[in-house]
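Novice: Quick one: this structure, given as structure tokens, is what I'll be asking you about.
What follows is calculated from the coordinates using simple rules that are stated; it is not laboratory data. Given the structure is predicted, the values throughout are model-derived calculations rather than measurements. Ideal geometry is used to build each Cβ from the backbone, glycine not excepted, and the neighbour counts take in all protein chains shown.
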Amino acid sequence: MGAFIPAAFVFVLCVASIPIPTWLSNLVRPVRVLFVPFLTLQEAEALDVADAAESKAVLGEVVQGEPEAVIEQVEPRHFWKPLFLSWIALIETLSWLGVASFNIIQDQRDPVYIASSFVFALIWLFATLRPILRPKPTPSYDLLVLYLIYFIAEVVSLGAFAYNKHAYGTPFPDALTLAAHTLNLGALLILIAIVFSMPLAIPSRRVDKEKIVS
């Protein structure tokens with residue numbers, strides 16, 4: 001059951017990325033427009049450039065060439081964070097594949113448990129490929145939601161271990177299992193912290209970075 005929610009979320013993301021017919025797009029458009037901003041930062045700056053050029057033309061000033069294009073100043077240093085997200089997700093993918101393979105060899109687990117390990121591996125494979133196929137210096141909110149789902153599930157699992165120990169005297173899992181849960185929780189905290197540290201937008205060349213309030 002622990003793999004159902006993240007798997008369903010990734011499935012919805014994959015289905016939503018598939019182009020849909022025009023008639024179906026027209027049906028969902030009234031709902032979709034509610035979640036789309038009226039203007040992006042780049043569109044607003046482009047309108048500002050066009051308005052400035054028009055004002056100069058009205059005043060009789062000579063405009064040298066075309067208005068300056070609104071271009072994001074994306075520096076290479078901004079892309080180490082998506083790459084780091086991908087590396088951590090790749091480690092998670094390989095770890096879950098190892099767990100699934102070990103359970104198959106041992107043949108001591110039920111098929112549902114083994115299948116859930118492979119599902120976890122596939123979900124983390126999505127998290128591995130997403131920053132590589134669509135890299136961007138700003139946060140990927142789909143990945144953030146996926147990390148938060150995993151984080152909540154991990155906290156619930158560790159809390160269940162503590163509750164069962166305190167209420168029913170059930171012993172904690174073995175040290176290796178506890179270490180795996182702890183490392184997984186630490187990796188999720190790092191992933192969430194990286195996403196929160198990303199800039200929400202990259203200013204263009206027309207924006208004075210010294211005037212930006214952090």
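Novice: Which value in Å is the Kirkwood Rh of the stretch 78-197 over different Cα pairs?
Specialist: The Cα-based Kirkwood calculation yields 15.5 Å.
Novice: Report the label-to-label distance for VAL145 and THR177 in nanometres (one decimal), using points 7 Å from each Cα along the Cα→Cβ vector.
Specialist: For the pair VAL145/THR177, the computed spacing is 3.2 nm.
Novice: Under the 0.36 nm per residue contour assumption, what length would be gained going from the current alpha-carbon distance of LEU13 and VAL112 to full extension? List each step's numbers first, then the result.
Specialist: Working: separation 99, 0.36 × 99 = 35.64 nm, distance 2.38 nm.
Stretched out fully, the LEU13 to VAL112 stretch lengthens by 33.3 nm.
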